[in-house]
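Colleague: Dumping the structure here so I can ask a few things about it.
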Amino acid sequence: MCRVFAGQDPEGYRQINRSIRIDGHSTSIQLESTFWGLLDEIADSQGLTTPKFISKLYDEAIEINGEIPNFASMLRTTCALYLRGHRPSAEDQAALKQEAA
């Protein structure tokens with residue numbers, strides 16, 4: 001039963017650090033390769049680069065919640081929501097694309 005999970009390619013859970021500028025500060029985020037791939041896919045679906053998507057996500061989360069106790073965990077759960085089919089509305093996507101232009 002667990003062979004499909006246990007036998008996965010180790011490359012998928014290799015840790016990767018990326019430096020990104022968030023809120024005017026350069027920071028390093030460490031996530032597994034699989035999550036970086038998903039974040040790249042999500043960003044592309046929004047017409048944004050991955051750093052721009054992550055920065056926008058950070059800004060909106062701060063605006064809504066006031067703080068983010070663990071941003072790397074938030075990025076992982078963002079990927080989980082995406083895989084479960086949660087997507088921005090057509091209006092939100094149009095606004096994002098207009099901002100990016």
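Colleague: Pick from 59, 40, 23 the residue whose mean-square fluctuation is largest in a GNM of the chain, springs joining Cα atoms under 10 Å.
Modeller: In this elastic network of the chain, the residue with the biggest mean-square fluctuation among 59, 40, 23 is 23.
Colleague: Something else now. Under 5 Å between amide hydrogens, which residues at least 5 positions from residue 22 or on another chain qualify, with H placed 1.01 Å from N in the peptide plane?
Modeller: HN-HN under 5 Å from residue 22: 27.
Colleague: Ok, one more. Pull out a ≥ b ≥ c, the square roots of the eigenvalues of the alpha-carbon gyration tensor of region 18-101, then state rounded if a/c is under 1.5, prolate if not and a/b is larger than b/c, and oblate in the remaining case. Write out the running numbers ahead of the final one.
Modeller: Values: a/c = 1.36, a/b = 1.17, b/c = 1.16.
Here region 18-101 falls in the rounded category.
Colleague: Could you tell me how far the Cα centroid of region 57-83 sits from the Cα centroid of region 34-50, in Å?
Modeller: A separation of 14 Å, based on Cα centres.
Colleague: Using a Förster distance of 30 angstrom, determine the FRET efficiency expected from the C-beta separation of residue 67 and residue 91, and round it to 0.05. List each step's numbers first, then the result.
Modeller: Numbers: r = 27 Å, r/R0 = 0.91.
The value I calculate is 0.65.
Colleague: Which trypsin sites (Lys or Arg not before Pro) does region 28-101 hold that lie in a coil by DSSP with at most 12 other beta carbons within 10 Å? Display every interim value, and only then the final one.
Modeller: Numbers: sites: 52, 56, 76, 84, 97; in loops: 84.
Counting only loop positions with at most 12 other Cβ atoms within 10 Å, the trypsin sites (Lys or Arg not before Pro) in region 28-101 are 84.
Colleague: Using modelled backbone amide H atoms (1.01 Å from N, in-plane), which distant-in-sequence or interchain residues come within less than 5 Å of residue 47's amide H?
Modeller: Close amide H contacts, sequence-distant or interchain: none at all.
Colleague: Per residue, how much accessible surface does the chain expose to a 1.4 Å probe? Answer in Å², no decimals. Write out the running numbers ahead of the final one.
Modeller: Values: 6980 Å² over 101 residues.
Normalised by residue count, the accessible surface of the chain is 69 Å².
Colleague: Moving on to the next point. State the answer as a single residue: which of 13, 36, 58 lies farthest towards the positive end of the charge dipole of the chain, with beta carbon charges of +1 for Lys and Arg and -1 for Asp and Glu, about the Cα centre.
Modeller: Ranked along the dipole, the leading option is 13.
Colleague: For region 46-91, which GluC sites (Glu not before Pro) are in a loop by DSSP, counting at most 12 other Cβ atoms within 10 Å? It would help to have the intermediate numbers written out before the result.
Modeller: On the way: sites: 60, 63, 67, 91; in loops: 67.
Sites meeting the loop and neighbour criteria: 67.
Colleague: Moving on to the next point. With a cut-off of 20 Å, note down the residues of region 1-27 whose backbone N falls inside the zone around a label point 7 Å from the Cα of residue 50 toward its beta carbon.
Modeller: Answer for region 1-27: 9-27.
The values are calculated or read from the model by the stated rules, or taken from the named source; none is laboratory data. Every value quoted in this text rests on a predicted model; they were computed, and no experiment measured them. Neighbour counts run over all protein chains shown; Cβ positions are idealised from the backbone, glycine included. The protein model used for the area step is the full one, side chains on, heavy atoms only, and it has no ligands, DNA or RNA in it. Shrake-Rupley method; radii C 1.70, N 1.55, O 1.52, S 1.80 Å.
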